[in-house]
Amino acid sequence: MPNLDVNDTTLHYEDEGTGPALLFVHGWGTSGRTWGAQLPEFAADHRVLTVDWRGCGRSARPARGNTIAGVVSDLVALIGALRLDRPVVVGSSIGGSFAVELGVRRPELIGGVVPVGAPGYWPSARTQARLVADLRRDRAGTVAGWVPGWYAPGTAPALIDWTVRQILDSGVYIDEHQATAGGYDPRPTLPGLKVPIHYLHGELDAAIPLEVPRTCAALTPGAEVSIIPGAGHMPHQERPAAFNAALRTALTGMAPAARATA
């Protein structure tokens, strides 16, 4: 299994295909396996990387570094170590926040950003604090009760159960992301974003309402938003064919802008 030692931890990654680079970043507590419906589609004409960020999947579970800055630093190291040539970074949920922050902090390293059900901002940290307390009190019950709301009605129970199992297999230290999520707000930095960005969002996303990407896009120069009909917070899993078509359209639109900023 390919692993990479960076920043005092070990990351698991998968690297397939050749062509323009795509880096897929999963959401909270899951793993690179959540992009399984995208790999056959895009590895045919792209170099496709998935990574299990620290604390998740097959990567190590360190007690430190579980912050946006920590994960972004890991992604910077990964891009350098694997010699990725300005990949487009596709990030789900909090993975989309990592992707946006990577674009803000190190725009010279990437060719574009595609947030999926992201980035999130909340008016108060109170809800997140309660979630963290519930996770500490009853992790299995809290995750099992919370995750079904990520998906649109009618989603296969097996998919929801698989997501729950992945989260329960992840390390407890990633809860720090939830503890600090209430204070995260990308809006002040978006006007200065210097890489192409295209927001992909599920029509029925109850975790991050549609007003969030629309508000963010209005603040971001040249941004676009595409809606995946009938999907919730995980459109790449729920409606993979529609998602893949939307992602391919987004990548096509990004290519000229990425060349212009190179």
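Kindly provide the set of residues from the range 1-47 that are part of a loop (DSSP other than H, G, I, E, B), out of contact with any Leu (no Cβ under 9 Å at 6 or more places or on another chain) and closer than 14 Å to VAL89 by Cα, ordered by number. Correct list: HIS26, GLY27. A count restricted to the range 64-104 and to residues that are surrounded by 23 or more Cβ atoms within 10 Å (Cβ to Cβ), closer than 19 Å to GLY182 by Cα and free of Cβ contacts under 8 Å to residues at least 60 places away in the same chain stands at 1. Looking at the range 146-156, is at least one residue over 25 Å from ALA245 (Cα atoms), out of contact with any Lys or Arg (no Cβ under 9 Å at 6 or more places or on another chain), aliphatic (A, V, I, L, M) and in a helix (DSSP H, G or I)? For the range 146-156, residues over 25 Å from ALA245 (Cα atoms), out of contact with any Lys or Arg (no Cβ under 9 Å at 6 or more places or on another chain), aliphatic (A, V, I, L, M) and in a helix (DSSP H, G or I): present. Being under 14 Å from SER97 (Cα atoms), without any contact (Cβ under 8 Å) to a residue 24 or more places away in the chain and surrounded by 15 or more Cβ atoms within 10 Å (Cβ to Cβ) holds for only one residue in ALA217, ALA181, and it is ALA217.
Considering only residues of the range 126-158 that are exposed (fewer than 14 other Cβ atoms within 10 Å of the Cβ) and touching a residue at least 12 places away in the same chain (Cβ under 8 Å), which is nearest to GLY230 (Cα to Cα)? For the range 126-158, the residue satisfying everything is PRO153.
Please determine whether any residue of the range 182-199 is within 20 Å of GLY70 (Cα to Cα), acidic (Asp, Glu) and at pLDDT below 95. So far as the range 182-199 goes, yes, one or more of its residues are within 20 Å of GLY70 (Cα to Cα), acidic (Asp, Glu) and at pLDDT below 95.
Only one of the listed residues (GLY27, GLY17, GLY80) is touching a strand residue (DSSP E or B) at 6+ places or on another chain (Cβ under 8 Å) and at negative phi. That residue is GLY27.
The values are calculated or read from the model by the stated rules, or taken from the named source; none is laboratory data. What you see is a predicted model; the values in this text were computed from it and never measured. In this analysis, Cβ positions are derived from the backbone assuming ideal geometry, glycine residues included, and neighbour counts consider all displayed protein chains.
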